[in-house]
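Here's the structure, in structure tokens; my notes come after.
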Amino acid sequence: MPGLLPAAPVALGPEAWWLPGFALGRAPALLDAIAGVLAQAPLRQMQTPGGRRIGVAMSNCGALGWTSGRDGYRYTACDPLSGKPWPALPALLRALAADAAAAAGLPDPAPDACLINHYLPGTGMGLHQDRDERDLRAAIVSVSLGLPAVFLWGGLRRHDPVQAVPLAHGDVVVWGGADRLRFHGVRRLARAAQAPWPCRWNLTLRRAG
Ligand code: SIN
Ligand code: FE2
């Protein structure tokens, strides 16, 4: 059934790849893993350093978790809501990061952090660089589940042209090395509900510390 086979990888740069359907077979287990994490570290809406509420709800798992607040963007070992360490990174996520990096021809980032982003229709994420990590060449592995979304893939400068990448359930994007500081974002999801998914999940696996 060729229609069910993932499409071929698409290069987004010398060290950046879109891997359509790469995580499709693991999606049910990934959704279970997310539910397990959120039972310990619930989704919450963070604030930007400027005090604006971020529309996408977030949580984390791994030794380090990304947070944003009045005191800026940073990685913390404990969930500020509970004061307890973030839930452990499920082995399934570590393995997915290694496999996706290998498929992209990049070294295993050996992630110690996974940001969980929860998008409802009408939410999106502005163009930004991921630059709060210690090693700004280690690959980022980004997994999309649920509702489709348009990933905005820019250049190394904020005003460089932006490519629209239509991400679907089970797609993975990997970027490292020379492409590690590319600007990226997510176009606001359409307001109309798109069955069977009520929302979009994005998992961003990173080596932060
Ligand atoms: C992010 O850049 O943290 C999120 C990317 C995505 O949701 O696809
Ligand atoms: Fe990002």
Net lengthening on full extension, Ala63/Arg44 (0.36 nm per residue, minus Cα-Cα): 5.0 nm
Using +1 at the C-beta of Lys and Arg and -1 at the C-beta of Asp and Glu, which of Leu205, Gly176, Ser82 has the Cα lying farthest in the positive direction of the dipole of region 64-209? Ser82
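What is the chain by shape, rounded, prolate or oblate, if you read a ≥ b ≥ c off the alpha carbon gyration tensor as root eigenvalues and call it rounded for a/c under 1.5, prolate for a/b larger than b/c, and oblate otherwise?
Here the chain falls in the rounded category.
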Distance between modelled label sites at Leu136 and Ala91, nm, 7 Å Cα→Cβ extension: 3.6
Based on alpha-carbon centroids, what's the gap between region 105-157 and region 21-41 in Å, whole number please? 16
Modelling each spin label as a point 7 Å along the Cα-to-Cβ direction, I'd like the Arg70/Arg52 distance in nm, to one decimal. 1.9
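When the accessible area of region 14-75 is computed with all protein chains present and a 1.4 Å probe, what percentage of it is carbon and sulfur?
Details: 1630 of 2910 Å².
For region 14-75, the apolar C and S fraction of the accessible surface comes to 56 percent.
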Is the shape of region 77-185 best called rounded, prolate or oblate, per the rule: a/c under 1.5 gives rounded, else a/b larger than b/c gives prolate, else oblate, with a ≥ b ≥ c the square roots of the Cα gyration tensor eigenvalues? rounded
Solvent-accessible area per residue for the chain (1.4 angstrom probe, square angstrom): 46
If the label point is 7 Å along Cα→Cβ of Asp160, which residues in region 127-146 have backbone nitrogen under 20 Å from it? 127-142
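The values are calculated or read from the model by the stated rules, or taken from the named source; none is laboratory data. Quick caveat: nothing in here was measured; it's all calculated off a predicted structure. As a convention, Cβ positions derive from the backbone with ideal geometry for all residues, glycine included, and neighbour counts pool all protein chains shown. Ligands, DNA and RNA are stripped out before the accessible areas are found, and what is left, the full protein with its side chains, is counted by its heavy atoms. Shrake-Rupley method; radii C 1.70, N 1.55, O 1.52, S 1.80 Å.
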